[in-house]
1. Only bridges with both residues in the chain count here: give the DSSP antiparallel percent, nearest 5.
2. Order the following by accessible area, largest value first: 78, 97, 179, 111. Probe radius 1.4 Å; ligands, DNA and RNA are ignored.
3. Taking just the alpha carbons, could you work out the radius of gyration and Dmax for the stretch 36-131, both in angstroms?
4. Please enumerate, by chain and number, the lysines with C-alpha under 26 Å from the C-alpha of residue 56, excluding those fewer than 8 residues away in the same chain.
5. For residue 148, give me every one of the aspartates and glutamates with a C-alpha distance below 14 angstrom, ignoring sequence neighbours fewer than eight places off in its own chain.
6. Below 8 Å between Cα atoms, with a sequence gap of 6+, how large is the relative contact order for the chain in percent?
7. Taking only C-alpha pairs under 8 Å that are 6+ residues apart, what is the relative contact order of the stretch 67-129 in percent?
8. Given the C-alpha centroids of the stretch 44-95 and the stretch 121-135, what is the distance between them in whole angstrom?
Amino acid sequence: MTRLVLATRNPGKLAELRRILAEAAPAVELVSLLEFPEIGEVAETGLTFEANALLKAHAIAQATGLPAVADDSGLCVDALNGMPGVLSARWAGTHGDDLANLNLLLAQISDVPPPARGAHFACAAALALPAGEEVVVQGTLPGAVIDKPRGVNGFGYDPIFVPEGETRTTAELSAQEKDAISHRGRAFRALAPAVAELL
Ligand code: ITT
């Protein structure tokens, strides 16, 4: 059985990737970075989601000697010319302060009327092998940003994002409903055949 490292310590992300990849590549044993406490954070210095996903996957494949899968994701707002984009996790300055990030974004687009509040979630998912081979794919979820947070599920910008064709925010969807349409779900389902083929 081949071991594959999922390059995250985020438990929610880990559970989601496990569900998708376990189905597509059942012969692969999935482990996470929680099993490699000695490996530090990989700096996400790329200018695109793909660059960051590849950077992380290669760094973890080198550090562990095992194939690695990594992702990078964020929210791209039309009225902000695609920002916060790769800066989504640290938009208000501190990595992972979801509430501060969301409030800053709402303040920045407070005078943008509903028809111009288009946005999409984007995710790049990458597979890297220790010998250097790589595959990277993208998934997106189009929608719009509303002006007041709604819902308690999910994380990050979920309470202010309504997917196209929905009236609920992604924070009002169940985990299963979100998985089925999410940028991450789409990216990982697109990567799964490469994982099954290359390992
Ligand atoms: P890692 O440890 O795996 O890097 P992370 O949370 O830092 O976890 P990212 O670097 O991919 O993940 O950052 C993505 C940021 O984009 C995240 O902090 C959220 O603010 C936002 N984001 C991404 N996907 C989202 C989703 O499905 N719902 C809401 N916000 C999301």
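The values are calculated or read from the model by the stated rules, or taken from the named source; none is laboratory data. It should be emphasised that the depicted structure is a prediction, and the values quoted were computed from it without experimental measurement. For the accessible areas, the whole protein counts, side chains as well, though only heavy atoms, and no ligand, DNA or RNA atoms are used. Shrake-Rupley method; radii C 1.70, N 1.55, O 1.52, S 1.80 Å.
1. 80
2. 111, 78, 97, 179
3. For the stretch 36-131, the Cα radius of gyration and maximum Cα-Cα distance read 15.8, 50 Å.
4. Counting by Cα, and skipping residues close in sequence, residue 56 has these lysines nearby: 13, 178.
5. 111, 158, 172
6. The value is 20 percent.
7. Relative contact order for the stretch 67-129 comes out at 50 percent.
8. So the separation of the two Cα centres works out to 12 Å.
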